[in-house]
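The values are calculated or read from the model by the stated rules, or taken from the named source; none is laboratory data. Not measured: the values here are computed from a predicted model. Cβ placement follows ideal geometry from the backbone for every residue including glycine, while neighbour counts extend to all protein chains displayed. These accessible areas exclude ligands, DNA and RNA; they are computed on the full protein's heavy atoms, side chains included. Shrake-Rupley method; radii C 1.70, N 1.55, O 1.52, S 1.80 Å.
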Amino acid sequence: MNQEQKKEARKLPGFYIALCCCVLVIGVAGYFTEAHNNKKASSVISNEVEQTEATETPVFANDKNKYVPPVPTSVPVTSEETTANANSGETNSIPVVSQPQAVEDYAVDNPDVEENAITVSSEQPAFIMPVNGNILEGYSDKLIYNEVLSDWRTHNGIDISAEKGCSVQSVAEGVIESISEDATGGCVVISHAAGFTTKYMGLDNVENLAEGNEINSGEVIGTIGDSKGENTKESHLHFEMAKDNVSVNPIDFLPQE
């Protein structure tokens, strides 16, 4: 081995040492770089999680006109809400507050209602005949000339044949609304359930009645008086009915023989 080769041989160990050091430095630098990147990514994820924390109410951005929908909460969704969303094709993450239901039977256990208040039923009463007799003249909403009063008027009721002094009864339970005297004689008006009112005209002996008194079905309210003020000359009861203040034909509601 000559002198030149010996010099080259002495240089090899130093070269390998330097090479190992370079590799080591590169490895250490790579490790710390990777650790730094992982820490930065973890910080970003943590911030996103904090910013997206679940809320129960809508969140509005600094811009008042910009709406930011809330993150879905853990509040369970009822079957009614799910069905409504499915039908509308929309997804609603805001809890739905059900509306209070109307309370039935308001008067039950209600301190605002007086104990003696009259409860009016909404069911149509079962009417009976006020007197038993033939129909002398029927209902008509057309103008008919009244020979006694010398004018034209509708016949808003029916004339039922009955002897003078015959008892007249209420066709259903109700409350006496008014007692008066008109061209036909004594007149009594009774209000009933479901918006019905009945009028009895040409009566006598109504002195025992008082407005506001309750009356039962079939209870006597007076007797047949003198027939006057109508075309029908025979002794009779003039009887009218109305539903919600609109005249109706009594034949449509009274029992048929």
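Annotation: for a label point projected 7 angstrom from Cα along Cα→Cβ of Gln124, residues of region 171-210 with backbone N closer than 14 Å are 193-197.
Residues whose amide H lies under 5 Å from that of Phe196, counting only those 5 or more places away or on a different chain, are Asp244; hydrogens are built 1.01 Å from N in the peptide plane.
Percent of Cα-Cα pairs per 5 Å bin, from 0 to the last occupied bin, for region 143-230, please list those. Each 5 Å bin holds this share of Cα pairs: 3, 13, 24, 24, 18, 11, 6, 1.
Note on Asn132 and Ser247: their simple-model spin labels are 3.0 nm apart, each label 7 Å out from Cα toward Cβ. PRE reach from Glu214 (point 7 Å along Cα→Cβ): which of region 165-207 fall under 14 Å by backbone N? The answer is 173-176, 192-193, whose backbone nitrogens lie closer than 14 Å to the label point. Close amide H partners of Cys166, meaning residues 5 or more places away or on another chain with modelled amide H under 5 Å apart, are Ile224. Accessible area per residue was computed with a 1.4 Å probe on protein heavy atoms; Lys142 scores about 140 Å².
Going 7 Å from the Cα of Thr154 toward and past its Cβ, which residues in region 233-257 have a backbone nitrogen under 17 Å from where you end up? Once the point is set 7 Å along Cα→Cβ of Thr154, 239-253 turn out to lie under 17 Å by backbone N, inside region 233-257.
In order along region 173-181, the phi-based Karplus estimate (6.51 cos²θ - 1.76 cosθ + 1.60, θ = phi - 60°) of 3J(HN,Hα) comes to 5, x, 10, 5, 8, 7, 9, 8, 10 Hz; Gly and Pro are listed as x. For the residues Ile128, Ile26, a 1.4 Å probe over the protein chains yields an accessible-area ranking, largest first, of Ile26, Ile128.
Dividing the Cα radius of gyration of region 131-186 by its Kirkwood radius returns 0.99 for Rg/Rh. Positive-end ranking of Val188, Tyr145, Cys166 along the dipole of region 142-195, with charges on Cβ about the Cα centre, is headed by Tyr145.
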